[in-house]
Amino acid sequence: MIDKIKKQIKQFIKENVEIDVSPAEKEEFGHYSANAAFGLAPVLKKKPLEIAADLVGKLKAQRDGIFEKIEAVPPGFVNFWLKPEVLQNEVKNILKPKAKRGNSKGLKINLEFVSANPTGPLTMANGRGGFYGDVLARVLEKAGHKVTREYYINDTGNQIKLLGESILAAEGKIPGKEEYYKGAYIKKLKGKSAKQATAILLKEIKTSLKEAEIIHDVWFSEDKNLHKEREVKKMLEFLRKKGLVEKKEGAIWLGDAVLMKSDGNPTYFLADLAYHYDKFLKRKFDLAIDIWGADHHGYKARMEKGIKALGVKPERLKILITQLVRLVSGGKEVRMSKRKGEFVTLSELLKEVGTDAARFFFLMHSLDTHMDFDLDLAKERSQKNPVYYVQYAYVRALNILRKAKGLKFQVSSLKLLTSDSEIKLMLELVKLPDVLAQTAEDYQVHRLTKYATEFAKAFHNFYEKERVIGASGDLEKARLALVLATKIILENLFDILGISKRKKM
């Protein structure tokens, strides 16, 4: 729909300016709003409101326009109201059988997410990047890209050494230290070497992700795929041949970052460069998206510089940082620390609130904001719970269609759908393609849960105000068609979000 509106506008704009069209934030601002006048103002040397008014006049003069009403408002926005028949035609398109698409010409994308160190169980906080990455992969695939879901296993280095020492300390064989991992899970690993413990914990991580219905296509081992294959040393030699490294203070540096420490051991940065060399130059991904935890915030700029040293354009690497999560219950924070052994595991959270609630609650927030996970609300079985509210809309649609068994919907009757609640529901129905397209561009996955909530709100409002079965004449057939279209869109949306399609609640 956004593309259709832009097409209408561009008929009257010769200048090459960016046109932003978006759904109106408030009902009084129309169905959609555009900012074209602001980009044109410095070019045409006119006030934005004057340009907006001129554009409105031209759009109104069209014979084949899609707008029922158009207005220019200060300081220069253009607000649009779509004709009911435009929305009705979109509902018809939703109800048409979809032809299968041919081979995609999209990008080859590597999406790396979760990648928690195998030094303990996955905590509930790992669910944030986990669910985000899972849904982003689905969105990108919908957009026609080929996505490889990848987990990078940090199974060597200091954190694994620390795990082994933590087990020895738990056995009483060496003195304990503040930095050692603690908790019941360490005690269960008594008698195991660091390598054995890593294998056990990695198996538990895979089980937790399976419970969360998060899938990875590739499990990339730092130890096996990089160090044992001598890829880290090859990476250092690659940079040395390009004349990019220097030796000082006994260490080897790339700019202001150490690659090889004075004791001869490689840094994480060198291993990460070898890993991304593998992504870009060996496996030839067009784009790599890395979803990292909040503790990697300062590492982002260094990695972007490192990619440039490999000869890879920096824009081919997208690094997304997940901010911190607080688990809140009874209005108080539930403290978590993997080091101290005080944490809620992802598996425990799923058992407590269910996968659907866990997914939806994490996905409601932008990655770059801190979030409180409200444990009490997530457990509530009422329409106060956002995921319950959305799923209940689907159940209501199913119930109507179940009761209407034997009755027929009729697309030719859609012209009868003109009430306020019907228009609002149709407006939400047509937004999904735009929501998916925007999310595939900017990776703002929380847009999907916001859309799901607004869509559910529009359907609940329709359900409460309009009679479907037993409505007079062809209106019944038209409203049945609208309910069926609602069911189809909700099913598509639930598949992307990874939440279940409940038949009753």
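For residue 168, are the conditions met, namely being within 29 Å of residue 362 (Cβ to Cβ) and outside any strand (DSSP E or B)?
no
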Notebook entry, point to check: If you go through region 79-125 one residue at a time, how many are among the hydroxyl-bearing types (Ser, Thr, Tyr) and at pLDDT 95 or above?
Noted result: 2
Checklist line | Only listed residue being more than 20 Å from residue 224 (Cβ to Cβ), buried (at least 21 other Cβ atoms within 10 Å of the Cβ) and among the hydroxyl-bearing types (Ser, Thr, Tyr), chosen from 152, 132 | finding: 132
Note to self: Any residue that is hydroxyl-bearing (Ser, Thr, Tyr), touching a residue at least 12 places away in the same chain (Cβ under 8 Å), surrounded by 15 or more Cβ atoms within 10 Å (Cβ to Cβ) and over 30 Å from residue 475 (Cα atoms) - is there at least one of those in region 87-110?
What the structure shows: no
Margin query: Which numbered condition in (1) surrounded by fewer than 16 Cβ atoms within 10 Å (Cβ to Cβ); (2) closer than 29 Å to residue 457 by Cα; (3) modelled with pLDDT of 90 or more is the only one that residue 300 fails?
Written below: (2)
Checklist line | Filtered residues of region 151-185 (kept if touching a residue at least 60 places away in the same chain (Cβ under 8 Å) and closer than 29 Å to residue 232 by Cβ) | finding: 151, 152, 153, 154, 155, 156, 157, 179, 180, 181
Next item on the list: Could you please find all residues in region 202-261 being part of a loop (DSSP other than H, G, I, E, B), under 25 Å from the mean Cα position of the chain (by Cα) and surrounded by fewer than 18 Cβ atoms within 10 Å (Cβ to Cβ)?
Entry: 213, 215, 217
Check: Out of (1) part of a helix (DSSP H, G or I); (2) charged (D, E, K, R); (3) over 14 Å from the mean Cα position of the chain (by Cα), the odd one out for residue 502 is which?
Finding: (1)
Checklist line | Candidate set: region 386-422, residues that are in a loop (DSSP other than H, G, I, E, B) and of a type in the set (D, E, K, R); chosen: the one surrounded by the fewest Cβ atoms within 10 Å (Cβ to Cβ) | finding: 405
Note to self: Anything in region 309-334 that is loosely packed, with under 15 Cβ neighbours inside 10 Å and assigned to a loop (DSSP other than H, G, I, E, B)? List them, or say none.
What the structure shows: 311, 313, 324, 330, 331
Margin query: Within region 264-281, does at least one residue satisfy the condition of being over 24 Å from residue 148 (Cα atoms), among the aliphatic types (A, V, I, L, M) and surrounded by 15 or more Cβ atoms within 10 Å (Cβ to Cβ)?
Written below: no
Note to self: Of everything in region 15-48, what is surrounded by 14 or more Cβ atoms within 10 Å (Cβ to Cβ) and among the β-branched types (Val, Ile, Thr)? Give them in sequence order.
What the structure shows: 17, 19, 21
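The values are calculated or read from the model by the stated rules, or taken from the named source; none is laboratory data. The structure displayed is predicted, hence computed values, not measured ones. We place every Cβ from the backbone using ideal geometry, glycine too, and count neighbours over all the protein chains shown.
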